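J.: Just dropping this structure here.
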Amino acid sequence: MTLLVMKGGLVALRAQFIQGLALALLIVALASPALAAPAKKMQIQASVNPTQASTGVNVAITGRVLEPSNNASVANAVISIQVNNPQGTSIDVTIRYTDTSGVFEDAFLLAPNSPGGNYTAYLAAEKPGYDTAYLTLNFTYSTPDFSIESSVPALSLRQGQTGSVTVTVLSLRGFNQGVNITAIGGPTGVGFQFTPSSSIVPSGTVTINVTVPGSAQVGNYTVTFLGVSGSLTHKATLQLNISSGPLQSNFMFLVLGVALLIAILASLGLVLRSRGRRQQREAVLEELLKQASADTGYVATARVIARLEELRAIGKVDEATYQQLKKEYEKRLERSK
């Protein structure tokens, strides 16, 4: 009887233990995060395309991110791009995103004086739920080229003056073809003389004499020195500042002086003419008064009054003098009756 009780107790304890263990496992399972689904695979397909331009080489990287299992596009993936030159220096570091078609692109300029050799582009694509994808691209930059630069950024000249500037043509990556230099811009009449006048094989310099005529328009102008060799074109710019020349300034002073002199002479002429007319009136009146003094008879006085009217009519006698003399001679005429 006692043995049966003990066996029954062990069975009960074992059942309780199993139930507790199952409950604990259930609690742990509920408290633990769900097991993550396995990450998807994605792949980068891309190419690099360098093209020659007047300012250097335009490098374009274009590509697409997809799922290799079904070729489905991966949109909104983050694309990190790093491009190193042959010395291992980063020349382009950027972040791009794929569009709804999984496509991305990047573009940057490779300067003409960049070192020749192998360039490496490192690409990585990331998106939650996917494994990171990597791709390495290589391209070579070894095309012979040239560059040009002006010795000064700006040149200031006055009307009628001549100045000079030097343009240096440098060979890049073994370039040894002739380069023709021309000047574009500047006001009408400005001359550019090149020495040497023919094309130059870099590396070398060209001296450009800039002649500004006296009639050139005053102002600031951008002059472009254009270097052309076959399909390659490069340029350098010069700010040309043209100001008024000394001859024009002296001419303006001369014009102002002549105008002032003419005004003075005109004023002096008016004064002299006015003085001459006054002297003429005085002389006429003096002669009239002499005649009136010599003959005080009625007829003579009447003639003086008539003459006074004529002088007034032709402006030889002013109004005040006329009125004064007229009253005086009318009284004399009354007395002589």
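Derivation of every value follows stated rules applied to the coordinates shown; laboratory data play no part. The model shown is predicted, which means the values in this text are computed figures rather than measured ones. Cβ sites come from the backbone with ideal geometry, for glycine too, and all protein chains shown count toward neighbours.
J.: Under the 0.36 nm per residue contour assumption, what length would be gained going from the current alpha-carbon distance of Glu105 and Tyr221 to full extension?
T.: Values: separation 116, 0.36 × 116 = 41.76 nm, distance 3.83 nm.
Length difference between fully extended and current span is 37.9 nm.
J.: Sort 55-66, 210-221 by packing, meaning the average of other beta carbons within 10 Å per residue, with the highest value first. Let's see the in-between values first.
T.: On the way: 55-66: 19.2, 210-221: 15.8.
So the order, starting with the most tightly packed, is 55-66, 210-221.
J.: Would you mind computing, in nm to one decimal, how far apart the modelled labels at Lys326 and Ser156 are, each placed 7 Å from Cα along Cα→Cβ?
T.: 7.3 nm
J.: Can I ask one more? What residues qualify as long-range amide H neighbours of Tyr119, i.e. H under 5 Å apart, gap of 5 or more or another chain, H built at 1.01 Å from N?
T.: The list, which skips near neighbours in sequence, is Phe139, Thr140, Tyr141.
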